[in-house]
Amino acid sequence: MKRVRAVARKEFYHLIRDYRSLYLAFAIPLFLILLFGYALSLDVNNVTMAVLDHDKSPLSRDFTRHLDASPYFHVADHLSHEGQVDQYLDHGWATMVIIIPAGWSSRIHAGGDAQLQVLIDGSDPNTAGISMGYMTGFVERYNGALLSDFLNRQGLADIRPPVEGRIRVWFNEDLESTNFIIPGIIAVIIMIVGAMLTSLVIAREYENGTMETIRSIPLGAGEFFLGKAIPYFIIGMIDLLAAVFMGQVLFGVVMKSNFWLLVLASSIYLSVALSLGLMISIISKSLLVANIGAILTTFLPSILLSDFVFPVINMPKILQLITYIVPARYFIDIMNGLYLRGLGFSHLWTSYLVLTIMSLVLAMLTYEQLRKEGL
């Protein structure tokens, strides 16, 4: 234990003296929380639109006024001729252009079909799809309001539709993407601190030529492994607590389940990341190769193949199979269960178990690799 403390102390001193490692350990995670929390949003609000009103009737103006009053739309401009439609969509000045034809209100009052044209910029499929859904819902509500007004003027009671869907959203009632993003970014932060930082640790010993000295002292592979891992485990847990605190204070993302289950899951996941980073460091023996290897095998899969940004179910089969060996997938499953669904250990134990097995296997492989290196 004394030798483990000695190796850990040496690594702590190195971290304190090397400002670049400190920057990577503390500044990058905080920067990622702020960047993802404020900038990365999957919500679509205030869809910018332009209106070309050929009808110029009180009803068409009422329709446009209701659109602008909606929290989902913002009428940025009123067009005067057809030539401006292409211009607004080509330059991205409006996401949506609505063309109200002449005689639109007359056809409504006559009880006929009254069509209007809606053009949507589809260069961003996500925004276009959500905007289309908003517009469809708005037109249905406006139709219902017109019909109700007509029936009231005729002295008739409102006709209720035979099917009424009462939709209620569970777990994320406001459908705020931040509630999903903050728990997901914690998985990325832990992987950065755990794997990317430790991937440089042993490679640095090789490049500095101190590995031969370490081999000559009475130090076992397990002691060396623990001594190198402990400082980064402590830093990773500090980053975790900072991320949880910032998520709650800055973005109002509050965990619904037990805090200690989060600490347990993070400890296991961090152990996986540390073992993975140290193994990459031993195999590569070069800072540059270790850094690139850590990015390719830990950081990118944590974002792309973990169900965090892109849904796994929409991926090709071969990529879906690869996601089963990505540790971040199981950690994000636990985080969503703890943060959004308020689940306990009895519902999430399979993900805990998979992460534990991954941690043990990777630790054993790293230990064996260190033994092969003469420790």
For the range 186-232, the percent of accessible surface on carbon and sulfur atoms (probe 1.4 angstrom, ligands and nucleic acids excluded) is 64
Would you please state which residues of the range 231-255 a label at Phe12 would reach in this model, taking the label point 7 Å out along Cα→Cβ and a backbone N cut-off of under 13 Å?
-> 231-235
Separation of the Ser286 and Phe299 label points, Cα + 7 Å toward Cβ, nm | 1.8
For Asn126 and Asn208, extending 7 Å from Cα along the Cα-Cβ vector and measuring point to point gives, in nm, a value of 4.2
For the chain, longest principal axis from Cα atoms; helix 125-153 axis from its Cα atoms; angle between them, nearest 10 degrees, is 30
Could you provide, to the nearest whole Å², the per residue accessible area of the chain with probe 1.4 Å?
-> 54
For every helix of n ≥ 4 consecutive DSSP H residues, a contribution of -39,500 (n - 2.57) applies; sum these over the chain, divide by its total residues, and give [θ] at 222 nm rounded to the nearest 500 deg cm²/dmol.
-> -19500 deg cm²/dmol
Taking only Cα atoms, what is the 0 to 90° angle, nearest 10, from helix 58-69's long axis to the longest principal axis of the chain?
-> 20
Mind ranking 113-121, 47-55, 12-20 by how tightly packed they are, going by the mean number of other C-beta atoms within 10 angstrom, highest first?
-> 47-55, 113-121, 12-20
According to a simple spin-label model (label point 7 Å from Cα along Cα-to-Cβ), what is the distance in nm between Tyr38 and Val254?
-> 2.4
Holding the Cα-Cα limit at 29 Å, pick out from Lys228/Lys317; Lys10/Lys372; Lys285/Lys317 the pairs that are longer than that.
-> Lys228/Lys317; Lys285/Lys317
Residue separation times 0.36 nm, minus the C-alpha to C-alpha distance between Ile357 and Leu59: what's the value?
-> 100.7 nm
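The values are calculated or read from the model by the stated rules, or taken from the named source; none is laboratory data. For clarity, every value in this text was computed on a predicted model and none was experimentally measured. Cβ: placed from backbone, ideal geometry, glycine included. Neighbour counts: every protein chain shown. Please note that ligands, DNA and RNA were not included when accessible areas were found on the heavy atoms of the full protein model with its side chains. Shrake-Rupley method; radii C 1.70, N 1.55, O 1.52, S 1.80 Å.
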